[in-house]
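Notes to accompany the following structure.
Since every read-out is calculated from the coordinates, none of them should be taken as a lab result. On a predicted model such as this, the values are computed, not experimentally measured, just so you know. Note: ideal-geometry Cβ built from the backbone for every residue, glycine included; neighbour counts use all protein chains shown.
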Amino acid sequence: MLSSMTRSTTSGRKMIAVSVLLALVHLAILFAGFLAPADPAAQNRDFPFAPPSPLHFIDARGHLHLRPFIYLWTARPDSFNEYEESREREYPVQFFVAGTGYKIAGLFPSHTHLFGVEGPARIFMIGTDNYGRDQFSRILYGGQISVAAGLLATVISLALGSLIGCISGFYGKWIDESAMRLAELFLVFPWLYLLFAVRAFLPLHISPTQTFLLLITVIGTIGWARPARLVRGIVLSAKNQAYVAASRGFGASDVHLMRRHILPHTYGVLLTQAALLVPQYVLAEVTLSFFGLGLSEPNPSWGGLLATLQQYNVLVSYWWMFAPALALVVVSLGYLSVANAFHERLQSVSS
Amino acid sequence: MHRLGCLATLLLASGLNCFASSLPQTPQRDEEILTTDNAVGRYGGTLVVAQRSEPKTLNPVTAADAPSREVIGRLTADLIHINRASQQTEPALAKSWTVSKDGRVFTVKLRHGLRFSDGQPFDADDVLFSFKLFLDEKIHSPQRDLLVVGGKPIDVQKVDPYTVRFTLAQPYAAAERIFDGLAMMPRHLLDKPYGEDKFASTWTLTTPAAEIAGLGPFRLKEYVPGQKIVLERNPYYWKADRSKNRLPYLDELVFLFVGNEDAQTIRFQAGDTDIISRFSAENYSLLSKEAASRGTELFDLGPSLEYNFLVFNLNDLSSKNLSKIAAKQAWFQDPKFRLAVSSAIDREGIVKLVYSGRAVPLWGNVSPSNKAWVDATLPHPPRSLDKARELLKSAGFSWRGDGQLMDRQGQPVEFSVIASSSNAQRSKMATIIQDDLSQLGMDVHVVPLEFRAVVDRVFQSFDYEASIMGLGGGDADPNPEMNVWMSNGGTHLWHLGESKPVTEWEAQIDQLMQKQMVQLKYKERKHLYDQVQELVAANVPYVFLATPDILVGAKKKLANFKPAILDPNTLWNVEQLYFVPANGSPPRATQ
């Protein structure tokens, strides 16, 4: 008894930590414009593959600075993509600086960035890519695409899944039979190859918004089968409960029965499914973008950022290009432990 | 007698090589062997080279793809050869040749006593037979175009068993260069299939090695599908070094099929291959970091002859159902629009970001490393957005409040650029151009496509707006460029299949190219070709971007390695290559 108590409190504490971390990541992505010091598409052609700018407190003369500062990167003579710090001048990190315009959460225009340094120096928290674009800003903006794709696709998939699952379980017979066979077909289909084939038939250029909508529609629609099967199972057992029969006896319509008495049983499962599906769909978006089926340049997404690692020399030379993978791991593990917690809660409730 | 000769050779080439598979025949008295002036090497060893894809065929007459030609080039020989180092022609199977005063008749003397790699003799009948194959319209040899001068195929006559006379319909500048790469074929093996109309299906990859014979330094030993192709020494090869050692020194030459450039780099890094060529500047820097510790050496040979460019679709689309693209052609057809694009492109940025500085920016079709033909007076205007805006304004374009460029009809200027996704450099160039042109208010989309899809759209369906392509690299002479600049040429990419020149300047280029082709004096020809380069630069049918450097690498113990700018960069003197033994004893041939 005691041990299970302590276990639940530690897991509760872990849960809180994970939720806070997830919330922070989402906030950071939502307010990417404010947090990111640079425009994600802005190229700095003098700084391709510059490493992260180290923050200093002690300058070249040995003086201590309370405000952290950075040095300007300069290309090493007779070399390419190799840099050293020019110790001539310190560039202190400043907060709430004016910079390129953006929209807070996509709505309110603003010019203020959380931090930055005076030109010509540029602060690269996680280095730069091939075109000298700030990797930190690109990861934040890329998260907007990747995480939003995951969330929206999950909504589509759960909506479709619960609709089909509910109807199939409630009405049974040939409807159930055909819906479930279709679900099996969707589960076994090799989607990636089909998507490659579909891309070949699309027009040469589709706008980034169209690509994004297409992406989430495709990912979301493909994924309806699993939630539909789960929902159907719950509906099957719920529709035979005595109170459902009683309600029906009082003349309740099918829609009323489903909404009031049957669907509420599925909420727990749907929530767990959501927490499971979000990371899965973020990964799906990353996979598609990695293979060039996602948003085109210069729009960042985590899969697109990781695609640079397909080049051998990038893979072995520039470790900071792995940073999007780290963001991906944090988001995926976060959601999966939330899903786990939901699942445990559900089981303890049902037992 | 033959067996006795073999035994004698065995005794002569004693030492380590006693059990080598095929030992070179000692030069016979009646053989007119070519003596090379390379450092004398030693026999033995296997040279391993990586290829990105498998050759499609071993038939020298029909081969069109680079991997096939690279292998076939080692199996065969030509009459007159372009020395890759000096870029000049030199005698090969031909001992000497004379040209008539009017430049139309070539009389070629063949070397006596040469043998194909199967031991059968070579003479004028084989030359006649080979030219019959190259000129046969049914065989569709990619080299046929070069052999048709003034609308008529070259006339080939046998004078005696070792003399052949070639007659051209009209004078043709640098005509001896067209013999380069025309493989001399064995009549004794191929006359029968040719007579039965089966020539096109001969000498595939699966043909038994015994049925393939050539005059190159190597002959086919084995083909392992998906893995490698192994060549072994041709014991009858017609070159020898100063010390009368018959070349080549190497026992075997192996082409490994590795799939892509990164795999090529890794295999070289791991020491699996001895030579690397055609790889990116990024991988070059990667390899050069550890070159010393791995016993390899890397060479940056300077700019190649290849030119990369952005081309707008100016094709006649009236017969195609592509009205959207046709509407945009109103912009593309305006030279001011193309000049504005050219002026806005940051070529230095391309050199730096795409090629890590191992390239040169380009404003014309001739690479600066082609010193004999480049027009040095061609202007190199620096990047200027102001000039670009001025040009656009004078062409009737204007800007909307948000900076978007609009045309006369009030349509936003927006187009897509296709580039081969397998060529990382071209996709990167497209991304840079996209950023550059966005500063002019043009909305450019980069569409990476599979290489074959790009080729199909550019050459066949014309379903594209702009594309990044690369051309050139074969020879330094202007004549192979005829099909690029003549308005009816097969590689006249911006507007294919013009029945007559559409614009004034295209008509002028046609005339100049025709004139330079029949002009025999270098100075006059250069003057004509300079005018072509000026017309091209002024009218920008291609927006030239950059020429990458030729980068190669080899193991240090490989001697006589003299990489060249002309293709094949590393294997052109493969017969002279040899391995210096690890213990560092001075290189000596086993006599």
Which of the chymotrypsin sites (Phe, Trp or Tyr not before Pro) found in the stretch A:176-253 are loop residues per DSSP with 16 or fewer other Cβ atoms within 10 Å of their Cβ? A:Phe250
Sequence-distant lysines (8 or more away, or on other chains) whose Cα lies within less than 21 Å of B:Lys228: B:Lys56, B:Lys555
For the stretch B:187-252 versus the stretch A:238-282, the gap between their alpha-carbon centres in whole angstrom: 76
For the stretch B:386-499: relative contact order, % (alpha-carbon pairs under 8 angstrom, 6 or more apart): 20
Give, rounded to the nearest 20 debye, the magnitude of the charge dipole that chain A has about its Cα centre when Lys and Arg contribute +1 at Cβ and Asp and Glu contribute -1 at Cβ. 1400
Can you give the charge dipole size of the stretch B:32-181 about its Cα centre, rounded to the nearest 20 debye, using +1 on the beta carbon of Lys and Arg and -1 on the beta carbon of Asp and Glu? 140
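Based on DSSP, what percent of beta bridges with both residues in the protein assembly as shown are antiparallel, to the nearest 5?
On the way: 76 of 94 bridges.
Antiparallel bridges: around 80 percent, rounded to the nearest 5.
Only loop residues by DSSP count here, and only those with at most 14 other Cβ atoms within 10 Å; note down the trypsin sites (Lys or Arg not before Pro) in the stretch B:292-387 that meet that.
Working: sites: B:Arg294, B:Lys320, B:Lys324, B:Lys328, B:Lys336, B:Arg338, B:Arg347, B:Lys352, B:Arg358, B:Lys371, B:Arg383, B:Lys387; in loops: B:Lys320, B:Arg358, B:Lys371, B:Arg383.
Filter output for the stretch B:292-387: B:Lys320, B:Lys371.
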Just tell me the longest site-free run in chain B, where the sites are GluC sites (Glu not before Pro) in a DSSP loop having at most 16 other beta-carbon atoms within 10 Å. B:291-449
Show which aspartates and glutamates lie in cross-link reach of B:Lys387 when reach means a straight Cα distance below 17 angstrom and same-chain residues fewer than eight apart are skipped. B:Asp334, B:Asp346, B:Asp436
Please compute the modelled spin-label separation between B:Asp300 and A:Glu184, points set 7 Å along Cα→Cβ, answer in nm with one decimal. 6.3
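Show me B:425-433, B:548-556 ranked by packing, highest mean number of other Cβ atoms within 10 Å first. Let's see the in-between values first.
Details: B:425-433: 23.8, B:548-556: 22.1.
Output ranking for B:425-433, B:548-556: B:425-433, B:548-556.
Give B:Lys132/B:Lys371; B:Lys336/B:Lys500; B:Lys428/B:Lys556 a once-over and call out the pairs whose C-alpha atoms are over 25 Å from each other. Write out the running numbers ahead of the final one.
Working: B:Lys132/B:Lys371 35 Å; B:Lys336/B:Lys500 23 Å; B:Lys428/B:Lys556 33 Å.
Table pairs above 25 Å Cα-Cα are B:Lys132/B:Lys371; B:Lys428/B:Lys556.
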Along the stretch B:137-143, what does the Karplus equation 6.51 cos²θ - 1.76 cosθ + 1.60 (θ = phi - 60°) give for ³J(HN,Hα), rounded to whole Hz, x for Gly and Pro? 5, 6, 7, 6, 6, x, 7
Which one of B:Pro381, B:Ala466, A:Thr209 is farthest out on the positive end of the charge dipole of the protein assembly as shown, using unit charges on Cβ (Lys, Arg +1; Asp, Glu -1) and the Cα centre as origin? A:Thr209
Place a +1 charge on the Cβ of each Lys and Arg in chain B and a -1 charge on the Cβ of each Asp and Glu, then give the dipole magnitude about the Cα centre in debye, rounded to the nearest 20. 1140
Just going by the charge dipole of the stretch B:433-591, with Lys and Arg at +1 and Asp and Glu at -1 on Cβ, which of B:Asn560, B:Val484, B:Tyr522 is farthest out on the positive end? B:Asn560
Short version: ³J(HN,Hα) in whole Hz for each residue of the stretch A:76-89, in order, from phi by Karplus 6.51 cos²θ - 1.76 cosθ + 1.60 (θ = phi - 60°), x for Gly and Pro, what are they? 5, x, 6, 9, 10, 6, 10, 10, 9, 7, 8, 7, 5, 9
Give the aspartates and glutamates reachable from B:Lys239 as a straight Cα distance under 16 Å; neighbours fewer than 8 places away on the same chain don't count. B:Asp30, B:Glu31, B:Glu32, B:Asp37, B:Asp78, B:Glu90, B:Asp251, B:Glu575
Relative contact order for chain A: what percent, with Cα pairs under 8 Å and sequence separation of 6 or more? 19
Which of B:Thr377, A:Thr211, B:Thr167, B:Thr273 has the fewest Cβ neighbours within 10 Å, and the rest in rising order: B:Thr377, B:Thr167, A:Thr211, B:Thr273
Which value at 222 nm does the protein assembly as shown reach when only helices count, each DSSP H run of 4 or more adding -39,500 (n - 2.57), with the total divided by all residues and rounded to the nearest 500 deg cm²/dmol? -12000 deg cm²/dmol
Here, the stretch B:214-274 modelled as identical Cα point scatterers in vacuum has Debye log10 I(q)/I(0) at q = 0.20 Å⁻¹ of -0.82
Return the whole-Å distance between the Cα centroid of the stretch A:56-118 and the Cα centroid of the stretch A:134-200. 42
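Using the Kyte-Doolittle scale, which helices in chain A average at least -0.5 and also have C-alpha atoms spread 24 Å or more along the helix axis, with helices defined as whole DSSP H runs?
Going by DSSP H runs, the hits are A:2-30, A:135-171, A:267-290, A:323-350.
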Relative contact order in percent for chain B (Cα pairs under 8 Å, 6+ apart) equals 20
Subtract the Cα-Cα distance of B:Asn483 and B:Ser288 from 0.36 nm times their separation in residues, and report this length gain in nm to one decimal. 66.4 nm
Towards the positive end of the charge dipole of chain A, with charges on Cβ (+1 Lys, Arg; -1 Asp, Glu), say which of A:Pro40, A:Pro120, A:Ala23 has the farthest Cα. A:Ala23
